Structure formats: C-alpha cells, structure tokens
Amino acid sequence: MIPALRNIAAVFAISVFVATGLSAQGEKPSDISLNGYVKYMNTAIFDEFDTFWTLDNLIHNRLNFKWHMGSSLTLTAEARNRVVYGDYVRLMPGYAEMVSRDNGFLHFLTGNIIESRSMILASSVDRLNFEYQRGSFSATIGRQRINWGQSFAWNPNDIFNAYSFFDFDYEERPGSDAIRLQYFPGYTSVVDAAIKMDKDNNITAALLYRFNKWSYDIQVMGGVIDSSDFVIGGGWSGSLGKFGFTGEASYFHPQENFSDTTGVMLATAGLNYVFSNSLSVSAEVIYNGYFSRAGIGSFTDLYFMPMTAKSISFSKFSWFGQLSYPIHPLLTGTLAAMYFPSLGNGYFIMPSLAWSVAPDAGVSLLGQRFRGSFSGGDPEKLNLLFLRFRYDF
C-alpha cells in the first residue's frame with residue numbers, strides 16, 4: 001500500500017463534509033450538489049468461443065460533488081472507486097499497478113487501497129478544481145477535463161486528455177492537472193489557454209481560438225505537448241447539406257529535431273445523419289502518420305498502455321462506422337465497427353444493447369471483437385463480452 005493513499009479519500013471527504021456543514025448552517029441547498037452512480041460489470045475475455053475464458057468483475061462507484069461558493073467561485077470534486085476481482089487480477093502480472101496508474105502531477109490522488117491475490121480496491125479523485133468566473137472570463141485551477149476534440153471516434157486536437165474509444169465504461173474520461181484560462185469575446189467564440197504538468201514534470205501548454213464562420217464552429221490551436229513536440233492544428237464542426245460534418249487535424253514535430261522532417265500528421269473527418277425514424281448513422285476516417293511508431297504490439301495494449309494524442313489509432317488509415325436505433329423507447333441497439341488496413345485487413349466490431357429499466361437504472365450488454373496482424377505475424381484475435389448494471393443517484 002502506498003503511504004500517500006490516505007490523501008485520496010481525505011481530499012474528497014473533507015470537501016463533502018465541509019460543504020455539508022456549511023449547508024446546515026444556512027447555505028442554500030441549491031448551492032451544493034452531490035450525485036453519482038454505482039455499476040457492476042462482468043467481463044468475459046476469450047480468443048475463440050470454445051477456448052478458455054477469462055472472467056473479470058468490476059464494481060464501480062462514482063461521486064460527483066459541486067459547491068457554488070458564491071456568484072463567481074465553484075469547487076468541483078469527483079472520485080471513482082473500483083473493486084476489481086477475478087481471473088485478470090490473479091493471472092496477469094502487474095495488473096494491480098496498471099489499475100492504479102496515474103500520470104498526472106497530482107498522481108497521489110490515485111492508488112490501490114487494497115491489493116490481494118484476487119481483489120483490488122482502487123480509488124481516484126479524477127476531478128478536483130476551483131473555477132472562477134466573472135463576466136466573459138473564466139479561470140480553472142486543479143484536476144479538470146480539457147476537451148478540445150470535435151470528432152467522435154478519434155481526436156487529434158485532444159492533446160490534454162487523449163482517450164480510447166474502446167474504453168466505453170469510463171464516460172467521464174481522465175482529467176489533467178492544469179491551469180486553464182478562457183475568454184469569451186462573443187456567444188460563439190472563445191480564446192482558450194491551458195498548461196498542465198504530469199508526474200515526470202513534462203509540460204503540455206497550448207492556445208486555442210474557436211469562432212463561428214459560414215455556420216461552422218472553427219478552431220485553430222498550437223503549443224507544446226509533453227515537453228517534447230511542438231503541435232499545431234485545427235478543427236471544425238458544422239453541416240454539409242443534411243449531414244453533420246466534423247473533423248480535425250494536428251501536426252506534431254519534435255523540438256530537438258525542428259529542422260528535419262520527423263514531424264507527423266494526424267487528420268480525421270466524419271459525417272453523421274439522423275433519419276426521421278431516429279436511426280442515426282455516422283462514419284469517420286483517420287490518417288495517422290505516427291502509427292508505425294506508436295509501439296502497439298497487441299490489442300490488449302489498447303486497454304493498458306498510456307494514451308497520447310499521437311497513439312489514438314494504430315493503422316495508417318482507419319475507418320469507422322456506427323448505426324444506432326431506438327428499438328423501443330426503453331431499448332437502444334448500436335453497432336460500431338472499425339477497419340484497420342495496416343493490420344492485415346484487421347477489424348473491430350462492437351454490438352450493444354442498452355435497456356433503461358427505470359429513470360435511474362439501466363442494463364447494457366456489449367460485445368467487442370478485434371482481429372488483426374501486428375508486425376506481419378499471425379492474426380491476433382480478441383473477444384470480449386460485457387454485462388453491465390447501473391444505478392444513478
């Protein structure tokens with residue numbers, strides 16, 4: 001057990017109890033909110049249906065606390081607590097370390113409270129920040145989510161909080177330990193500056209300007225990522241006829257080799273459409289000039305290796321498509337798929353059914369199938385089945 005783990009629960013608990021005490025002394029109830037959810041998910045992992053299955057179990061609790069301390073200042077504290085048990089904990093070396101990995105400057109806010117041969121209790125405060133707002137100006141300091149992406153499946157502009165499409169169970173996404181300043185010169189424009197530091201003291205700092213032109217939200221950005229690369233990019237979101245049309249691109253160039261041609265480009269574009277019967281269709285493509293250097297040698301790496309804006313895909317070109325249809329007002333079916341030509345015509349398929357049992361409860365059944373060849377070897381196959389129950393409060 002890491003000695004600093006006592007700080008994980010303490011930071012969050014103190015925030016909640018202090019605010020609750022102030023509320024009891026006359027603070028308006030509407031100034032304080034506390035909500036969250038509890039989920040249970042069973043995961044089955046196998047190569048083929050008739051081979052050995054690895055079973056994993058996850059109990060996932062989230063607490064979201066917000067305190068409006070006045071007309072200008074807001075405190076946000078959010079934590080996720082997970083109990084993981086099953087075959088992966090017992091059989092996979094280093095699994096406990098991967099569960100507790102936190103690359104942020106405030107990495108002591110994440111850790112394993114209990115580690116045993118078959119069970120892990122992990123806790124993480126993934127949001128802890130103060131936000132100050134006055135007129136058209138906003139400043140946020142602390143652990144926060146900075147989302148600059150415009151596209152759906154891949155986001156080359158999301159240099160602060162890169163995430164994997166395959167990790168569907170972490171809807172909130174990781175946060176950054178950062179200082180963020182925003183100025184809103186108009187209703188449809190913003191100047192956004194942010195700087196973050198990771199646990200190795202690497203700096204990511206960038207400036208973004210977003211504005212509306214020709215009925216499109218357009219953004220341009222530039223800065224430094226992980227104290228190693230210069231980055232420039234941009235994105236858009238609007239309509240192309242009756243279709244939604246989004247896209248973004250980023251160019252990364254090493255600082256140490258500024259005069260050479262070692263820079264890489266990532267660019268993505270996508271279309272989406274909703275039919276009159278509520279069937280929604282989306283398609284997207286990405287070009288990744290960094291794919292051969294991403295270091296992904298297995299599909300399991302997608303779940304366990306740290307994500308960066310350059311390693312969000314692992315084929316020179318990747319294609320994405322998704323269909324979603326409300327079969328019943330309480331039941332929605334979705335089919336997502338990807339095609340990876342650089343992996344020997346590899347592919348990914350994810351069908352899912354989501355049933356809303358009650359306004360605050362739901363059940364989901366999902367499947368994931370990966371197939372592809374890394375480094376010209378034999379095709380690798382990975383299949384996963386997920387059964388998830390969720391209750392919101």
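Laboratory data are not the source of any read-out in this text; all were calculated from the coordinates shown. Not measured: the values here are computed from a predicted model. Cβ atoms come from the backbone with ideal geometry, glycine included; neighbour counts cover every protein chain shown.
Segment Met307..Phe275, full-extension length gain: 8.1 nm, with 0.36 nm per residue of separation and the alpha-carbon distance subtracted. Sorting 331-341, 262-272 by their mean Cβ neighbour count within 10 Å, with the most densely packed peptide first, gives 262-272, 331-341.
Distance between the pseudo-spin-label points of Ala283 and Lys199 (7 Å out from Cα toward the beta carbon): 4.3 nm. Rg and Dmax of the chain, both derived from C-alpha coordinates alone, stand at 21.8, 67 Å. For the pair Phe137 and Asn64 in one chain, pulling the backbone fully straight at 0.36 nm per residue adds 23.8 nm over the alpha carbon distance. The Kirkwood hydrodynamic radius of the stretch 285-393, based on inverse pair distances between different Cα atoms, is 15.6 Å.
The modelled label-to-label distance between Ile327 and Leu387, using points 7 Å beyond Cα along the C-beta direction, is 1.6 nm. By the helix-only formula, in which each DSSP H run with n ≥ 4 contributes -39500 (n - 2.57) and the sum is divided by residues, the chain has a 222 nm mean residue ellipticity of -2500 deg cm²/dmol.
Highest GNM mean-square fluctuation among Ser276, Ser313, Ser33, for the chain modelled with Cα contacts below 10 Å: Ser276. For the chain, the relative contact order is 12 percent, taking Cα pairs closer than 8 Å that sit 6 or more residues apart in sequence and dividing their mean separation by the residue count. The length gained on full extension between Arg90 and Trp319, counted as 0.36 nm times the residue separation minus their Cα-Cα distance, comes to 78.9 nm. With contacts taken as Cα pairs under 8 Å and at least 6 residues apart, the stretch 75-228 reaches a relative contact order of 17 percent.
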